[in-house]
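Presented below is the structure to which this report refers.
The values are calculated or read from the model by the stated rules, or taken from the named source; none is laboratory data. The structure presented is a predicted model; accordingly, all values stated were derived computationally and were not measured. Using ideal geometry, Cβ is built from the backbone for each residue, glycine included, and neighbour counts are taken over all protein chains shown.
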Amino acid sequence: MRDFLKYTFASFVGLILFVTLGLGGLLFIVSAIATASRSAAGPTVEKDSILVLDLSTEITDSSPVSDANTVIQGVLTDGIPETVSLRSVLDALEEAATDDRIVGLYLTGNVNSAGIGSGFATLREVREALQAFQESGKPIFAYSEAWGEQDYYLSSVADTIALSPSGLMELNGFRAETTFLQGL
């Protein structure tokens, strides 16, 4: 009986030590990851910087998700498409309008019309945010080598619009109708 209590107590103490050290190690690993991700949070903004908005980055309504399906598709194709949430774009433009270190905005790239996000409702909100940015008195510059309706819709807010000399601009309009002739 005496040996039974001794082994039971030793097992209990060993279990407590194992759980304590395991949780302590897990907390240490989680805090190390959190510290590492916080130190690599993003670029620093220097004085007289220009914010760059790449229109080829897909703007979605929700935060970008890296599920297994997207990762596998990215490996099999050209890579995982770059996406950014609409809220983060709107917040960045709003913050840049009041930030004294940012002196202007540069629009570049082309909206991917075949993408899932960046529809006209999303682009309308971005355009309204660009107008609010412009009202802060900071200039907006837009440059592209080829413009379609969606690209020009956003770029039309800019103070300066530049198209490459060898570039093209194809504007077919935002709406199309077919003629219906009854009885023909």
Quiz prompt | Residues that are farther than 17 Å from Ala97 by Cα and either surrounded by 14 or more Cβ atoms within 10 Å (Cβ to Cβ) or β-branched (Val, Ile, Thr) (or both), drawn from the range 156-174 | solution = Thr160, Ile161, Leu163
Quiz item: Within the range 134-150, can one find any residue that is within 23 Å of the chain's Cα centre (by Cα), assigned to a helix (DSSP H, G or I) and at pLDDT below 85?
Solution: yes
Quiz item: Does the range 47-70 include one or more residues that are in a helix (DSSP H, G or I) and either modelled with pLDDT of 90 or more or surrounded by 10 or more Cβ atoms within 10 Å (Cβ to Cβ) (or both)?
Solution: yes
Quiz prompt | Hits in the range 153-170 - residues which are touching a strand residue (DSSP E or B) at 6+ places or on another chain (Cβ under 7 Å) and either under 19 Å from Gly119 (Cβ atoms) or part of a helix (DSSP H, G or I) (or both) | solution = Leu154, Ser155, Val157
